[in-house]
Structure formats: structure tokens, C-alpha cells
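Scroll down for the structure; my scribbles are underneath it.
Read-outs throughout are calculated quantities, based only on the coordinates presented, and are distinct from any laboratory measurement. Predicted model only: the values in this text are computed from it and were never measured. Virtual Cβ from ideal backbone geometry, glycine too; neighbours counted across all protein chains shown.
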Amino acid sequence: MNLEESYSRKTNLTHRKKFAQFFTPQPIADVLSDWLLGNDHCKTILEPAFGLGIFSRTLLNKKPTISIQGYDIDAVILEEAKTYFKDFDNVSLKVDDFMFNDWESRYDGIICNPPYLKFHDYDNKLIINEVNRKLNFEFNGFTNLYTLFLLKSIFQLNKNGRAAFIIPSEFLNSDYGKLVKKYLLKTNTLKHLFVIDFKENVFDDALTTASILLLANDQSESNINISTVESKTDLERIKKYVHLYPNTEGEFSYPPAELDPNLKWRKYYKPQHSASYKNLVPFSTFAKVVRGIATGANEYFTFNASKAKELSIPESNLLPCICKAKDIKNNFFTNQDFEALIQKDELTYLFNGQISQSDAVDKYIKKGEEEGVNEKFLTKSRKPWYALEKRPPSPIWVSVFNRNGIKFIRNEAKVSNLTTFHCVYPVCSDLFSTISIDLLFAYLLTDVAKEIFSDNRREYGNGLKKFEPNDLNKSQVLDLSILSKSKITEILELYLKFKSSTDKRFITQIDSILRNEFKITLKHDDLGLAKTAV
Ligand SMILES: C[S@@+](CC[C@H](N)C(=O)[O-])C[C@H]1O[C@@H](n2cnc3c(N)ncnc32)[C@H](O)[C@@H]1O
């Protein structure tokens, strides 16, 4: 049993989670260490989120003469590490917060699997102020702690020094990542980026999506290389790239000026589905996506029929609403479906206390105040605190989190929804781009629509995908307004057949019609060399 396994056995999960103690698998530690030692002059090493020092153990095996400085904020884990390293005079370990220490030192090598903590799980204001002051940059409050470890480390690199980080890939495709990417480009330190997306569980731990960043402060004019890693064999490829640097290219290779920090970087390593189609427009041409109702205290505001009866809340103070994603099973949500949920005593209402002519309502508002519901983050800024956000029921919903592709639902019951769904409101921007809701919804059910939307998704661990409203508003869709009248009629007929039968084959037929109409077809020119879109 290795050090990490025995530590995990004897330390409870709450403690490990509090400090984000997730350990690096040995084959990954090998690759990261080799990158650092690729600099022949590497003498001083920093390991900022030390844990049990898997990187330092690996480095010392390969080059015993290096000297190492390690930091960890958790005295418990570092005590354990100190026992292991007690005979190493060249390893110094400090129990301290890396973000507030050691800013003045510089190192030849920095190696790290930093803590993954969201902005509300650490003292983000204080740390971000510190980072902004030192780096003369303007990172915002939503930044995850792992990216700040990365930025500080880049700042602490000696000339020709190298850094190797394994971090979640989230920053590549999220808003808070834009400034991080900007800093990577500004410092010209990123040399290789490996985006890990293991198709099967390669390591015992939950490492399925992550990214490895190999950085060098060598001011070389080299390209930024991006490669995807989907299997153990791909991991072998990384080793080759590391040993051949700087005489190597990754799967994709870009001059730094070609990478735009404001875009999702997925487009630089994953083929974009939208590139196969012509006549695309932003989804906002046809619809506006807005998040569902946030109450700030669902426990208090959501009601089922029995709670309403028990508290004598009249129907006029209850807003029909879908509260849980699991309550929606099909693509069409009808009045009968909603009635069935009420009968099953599911949560189907939101408390709306604003127009009250009932003692029971006043009493319930008072109860909320006694329980401090009026002092919660969202409620305390509302007037009155129990006011509901004004969102008319939207004719279409879209799921926020998805495992098996984005899902659209036609809200025929005309009820409201909480934030498990976003609202989709069709718009009539101008006369020519107006299309019927049925045509729009028919399109949203097709695989081609889902494929193109997926270009803009965010990815979380364990295959979970998320769309924020603006990911969808900015996403591309086929411009349905250019379809001929006869094609539209054909599509709508198939759509009605699907609606009455739920036979997916009708949607597949709509999908083929649209692909035929919008697919870019390639033709060889006279010499048979170049390919052009027609
Ligand atoms: C993801 S673990 C990595 C451990 C080890 N380096 C590895 O790769 O197996 C992150 C480590 O950072 C430590 N940590 C969390 N916040 C820290 C901070 N602000 N300063 C220094 N260490 C911190 C945690 O206690 C934990 O041991």
C-alpha cells in the first residue's frame, strides 16, 4: 500500500474534502516530473500543494541532488509527509497557506496538483486581492482556487524554469478561465496542454476529465501544442512529446497569437460540429434563453397539495411550477401530466404571498420571518422579501445539466419552472427570421441541433455537461427561416406525427431533411486538389 492509500484509509472523507485532498496517480506524476527535469539546470523545486509529496518522491528518485520546498495548509497531512521525508536534508516542508507565502522566492521547477475549491469555499476576496496586487492583473471573484495556484507559480518561475500542473479542464471553457488563459498567453509560458478525457476509468480515482499544463519560462518562440488524451496509449504519447521538446508538436499546434483567450478553447482541440453546416445563425435570432425562477429558499417557497391544504393556503397564492427535473419524463409536458404530479403530491407550486387576502398567507409570511427566510442571500434584497421573480411561463424548457445530451421540453401546461430548467422564449426579431414555435421545437428535438449546441457546452467531472443561458443564446443553430414553404410543411407534418405517436423515427426523418438542406458538401476542383464549400 502506498502512502496515499494508507493516509486515505485512516483519515475521514470530510477532512480530505475540506482540503481538496485528491491524489495524483503515479504515471501522471512521472510525466510531470520528467517535464521539470527536461531543464538540465534544474536545482530548486517548489511543490505548493504538497500532500504526501508524490511529485517530490518521484523527482528525488530521478535526480537525488535537487532541493525541494513544500507547502501544505493541512498540518495533519504534512505531519505524515514529514515522517517520510525526515532523512532528506534537501526537503523542507512548511505548514502554511501557499497563496500568502513565499512570493519573493523563485524556482527552477514548480510541480502541482492544486486544491480544487470554488470561490465560495475559500477566502476568495483576500486571496484574489493579493494575486491582483502582485501580478498586476484583474482576476474576478468567481475564480477557482486551483487557477490562482497556477498563476502564482508562473510568477515564481526562474528564467528557463519549468512548471507542470494537473488541474480540471473547466477553466478552458468557462468565463472565469478567460483571464487565466489571457495570463498564460501574456507570459508566453504555456508549451503543452493535454486535455484528458478518459473514455474508461483508467485510474482507480475519479480522474476522468482534467488537463495537464506544461510551462516553461524560456521565452522561446515555440507554438502552443494542444493534444487530447483518451486512453493509456495516449498517455505514452505525452511522454514522447515531453522528451522531444522543443522539437515537437502536439496533436494541434498554434502560434500563441492565434489563440483567443475570450473563446472556449474546446474549438482548438475538438472538431466543431457547426463547421459542417452552412447558413447558421445564433440561437438568439429565434429565441431568448433565461434561467428559471430562483427562490433563494426552495424548502420554504415550494408546495405540494398536502402542504397547501395543511396550511390553508388558497390556490390564488400558489403559482403552478415544476420544481424537480425528474418530474419531466417526455418531450411534451401537458395539463394531464401536471395534474398527475399534483395527484401524486409532488412539489407543484410556489408560494406567492404578494396579493394576500388570507390570514393563513399572512401567518406563513410571518413564519418565514421567524425562521430567517427573509435574511437569505436572495430574499434579503427583494422587496418584499417573499416576492417571486417575474418570469412568465415559457413555451419551451431546456435542461441545465445533462449526461446524455441536451433535452428540450414543450411546456404545453403553461406552468412556471425553477432553475433545474432554463426558459426558452421564442422571439420575433424581424419579419424574415420569424418562425413558428412548432418548427423551432421540431428542430430542437433533432440530433443535428444537439450536436451543434454541444460545441458550446461546459464540462464537469464524471461526464456531466452544463449549459448556462448565454452558452445557448450564443450557440449556433440552422437558419430555419430560409427553408422553403414545402420543406416547412413536410417537417411540420412529421412533427405532428411524432407528437401523436412519440415514434422517434419521425424525428430522425426531420433530422435527415435538415442535414440535407444545410450540410456543407465538398467538391474537388478541376485539379482534384483543393476542396471548396458549395
Ligand atoms: C489535490 S491535493 C494534491 C496532493 C499531492 N500533491 C498529490 O498530487 O497527490 C491538494 C493539496 O493541497 C493542500 N492545500 C489546500 N489548500 C492549500 C493552501 N491554501 N496552501 C497550501 N496547500 C493547500 C491540501 O491539503 C492537499 O494536500
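Each peptide in 239-248, 101-110 gets a packing score, the mean of other Cβ atoms within 10 Å over its residues, and the list from highest to lowest is 101-110, 239-248. Here the relative contact order of the chain, from alpha carbon pairs under 8 Å that lie six or more residues apart, stands at 11 percent. Listing L151, L311 from fewest to most neighbouring C-beta atoms within 10 Å gives L311, L151. On C-alpha positions alone, give me the angle between the axis of helix 124-135 and the longest principal axis of the chain, in degrees, nearest 10. Once rounded, the angle reads 50 degrees. Between the helical axis of 75-85 and the longest alpha-carbon principal axis of the chain there is an angle of about 40 degrees. A simple rule links phi to the HN-Hα coupling: the Karplus curve 6.51 cos²θ - 1.76 cosθ + 1.60 with θ = phi - 60°, which for the stretch 192-198 gives 10, 10, 10, 9, 8, 9, 5 Hz, with x for Gly and Pro. Averaging the sequence gap over all C-alpha pairs within less than 8 Å and six or more residues apart, then dividing by the number of residues, gives the stretch 210-365 a relative contact order of 20 percent. The length gained on full extension between E299 and A275, counted as 0.36 nm times the residue separation minus their Cα-Cα distance, comes to 4.2 nm. Compute the long axis of helix 485-501 from its Cα atoms, compare it with the longest principal axis of the Cα atoms of the chain, and write down the angle in degrees, 0 to 90, nearest 10. Tilt of helix 485-501: around 90 degrees.
The H on the amide N of R291, modeled in the peptide plane, is under 5 Å from the matching H of C423, each at least 5 residues off or on a different chain. Pairs with C-alpha atoms separated by more than 30 Å, drawn from the list K62/K264; K278/K485; K118/K324; K18/K270, are K62/K264; K18/K270. Mean separation of Cα pairs under 8 Å and 6 or more residues apart, divided by the residue count, gives the stretch 287-370 a relative contact order of 41 percent.
Helical runs assigned H by DSSP (4 residues or longer) give the chain a calculated mean residue ellipticity at 222 nm of -9500 deg cm²/dmol, each run adding -39500 (n - 2.57) before division by the residue total. Taken over the chain, the convex hull of the Cα atoms encloses 202 Å³ per residue. Within straight-line reach of K329, meaning a Cα separation under 21 Å, sit the following lysines at least 8 residues removed in sequence or on another chain: K344, K407, K414, K450, K465, K466, K497, K499, K504.
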